[in-house]
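The values are calculated or read from the model by the stated rules, or taken from the named source; none is laboratory data. Since this is a predicted model, take the numbers as computed values, not measurements. We place every Cβ from the backbone using ideal geometry, glycine too, and count neighbours over all the protein chains shown.
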Amino acid sequence: MIELFFAQASDGPGAGVVLLPFLALVGIILFFSGVFVVGQQDAVIIQRLGKFNRVARAGLNFKVPVLETAAGRLSLRIRELDIPGQFKTSDNVFINMILRVQYAVIPERASDAHYKLQSPEQQITAFVLNVVRGEVAKMQLRDVFEHQDSIGNAVNEQLTISMSEFGFQIRNALVNEVRPAEEVVRAMNAVQASENEKVAAKNQGEAQKFRTVLHAEAEAEAKRLQGEGIAAQREAIVRGLSISVESLKTAMPGADPQTLMNLVLINQYFDAMRDISQGEKAKVIFVPSGPGAYREISDQLFQSFINAAEASSPVPVAAKKPTKANEPPPIQ
């Protein structure tokens, strides 16, 4: 049909007028077919007659119609790839790990990324698994948790060397997750719980020891203060008795000192009995009532006050038991 159109157009007198619009239309179509736009962070591989020619960058670009074609479009953005795998540690524990690799096409080597490597994800996965398998085999399970950064650095270094020749750069490699088998997790939790119980028991023992020491110190201090109070009380009683004896000596110049002392003690004794009987919780008290009751009570009181005097005085006081010569006169 085109040949017929050209034959008919060339036979007539207005052949040039007919061909000119047609050629202009064809030229416009060819021009716009060669114009294309490349987006930001993208690159287009241009081939001329099936051979690599250049890399078209972001913006408005032009290719020769028919002779040049766009062989492929590459993204220059950073991409992430999660790589799961199972690995064995040096202490024969299998763990599941997920590694995250961030990679991108090197803009200056976009042609290598397009032509040299058909599936970069598969190649990166194979490299990562190989590197991690070698690193984890050198470590125990505890070390894997503690040295995740070193594993990521080793993967980053090896991948950078291996993938750079294919036009890819490795931006980062991270150990995203470490998950041992369920039975291993249960065993680790049991061990940790046992260690925590040991620490708690030790802390409780230390606390109990501290409380016991404080209680003993407080009890010792209380007993010391109580002893000082009793000693002071006894000292005051002895001092009062001494004043009473001196008063009796003044009132009875010819009386025997021992007799005066016995009178004071008996008086104190009966005063004490009176106070006890008048108390709110008075009790029935049985006191000696035989013929020698006075002597027995007197001796006991005398000895008790001698003991009180010795407790409150650094100089021992010799107790002198009353004899018949200095017995007090019988009470009428």
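Looking only at segment 99-122, which residues are in contact with a strand residue (DSSP E or B) (Cβ under 7 Å, 6 or more places away or on another chain) and among the small types (Gly, Ala, Ser)?
Ala104, Ala110, Ser111, Ala113
Only one residue in Thr160, Thr212 is of a type outside the set (Gly, Ala, Ser) and within 30 Å of Glu108 (Cα to Cα). Which one?
Going through Thr160, Thr212 in turn, just one is of a type outside the set (Gly, Ala, Ser) and within 30 Å of Glu108 (Cα to Cα): Thr160.
From the set of residues in segment 62-113 that are among the hydrophobic types (A, V, I, L, M, F, W, C), touching a Gly at 6+ places or on another chain (Cβ under 7 Å) and more than 17 Å from Asp42 (Cα to Cα), which is surrounded by the fewest Cβ atoms within 10 Å (Cβ to Cβ)?
If we take residues in segment 62-113 being among the hydrophobic types (A, V, I, L, M, F, W, C), touching a Gly at 6+ places or on another chain (Cβ under 7 Å) and more than 17 Å from Asp42 (Cα to Cα), then Val64 is surrounded by the fewest Cβ atoms within 10 Å (Cβ to Cβ).
Which of the residues belonging to segment 114-155 are of a type in the set (D, E, K, R) and surrounded by fewer than 18 Cβ atoms within 10 Å (Cβ to Cβ)?
Lys116, Glu121, Arg133, Lys138, Arg142, Asp143, Glu146, Asp149 - these are the residues of segment 114-155 that are of a type in the set (D, E, K, R) and surrounded by fewer than 18 Cβ atoms within 10 Å (Cβ to Cβ).
Which of the numbered conditions does Phe31 fail, given that it passes all the others? Conditions: (1) farther than 30 Å from Lys116 by Cβ; (2) in the same structural domain as Leu141 (by TED's automatic domain parsing); (3) surrounded by 11 or more Cβ atoms within 10 Å (Cβ to Cβ).
(2)
Restricting attention to segment 103-122, does a residue exist that is of a type in the set (S, T, N, Q) and over 21 Å from Leu76 (Cβ atoms)?
no
Let's see how each residue does on (1) under 42 Å from the mean Cα position of the chain (by Cα); (2) farther than 25 Å from Arg186 by Cα; (3) in the same structural domain as Ala154 (by TED's automatic domain parsing):
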{"site": "Gly85", "(1), (2), (3)": "yes, no, yes"}
{"site": "Pro107", "(1), (2), (3)": "no, yes, yes"}
{"site": "Thr125", "(1), (2), (3)": "yes, yes, yes"}
{"site": "Val128", "(1), (2), (3)": "yes, yes, yes"}
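Among the residues of segment 110-131, which ones are outside any loop (DSSP other than H, G, I, E, B), closer than 15 Å to Phe52 by Cα and either free of Cβ contacts under 8 Å to residues at least 60 places away in the same chain or among the aromatic types (Phe, Trp, Tyr) (or both)?
Within segment 110-131, Asp112, Ala113, Tyr115 meet the criteria.
Output yes when any residue across segment 253-272 is farther than 23 Å from Glu296 by Cα and surrounded by fewer than 10 Cβ atoms within 10 Å (Cβ to Cβ), and no when none is.
yes
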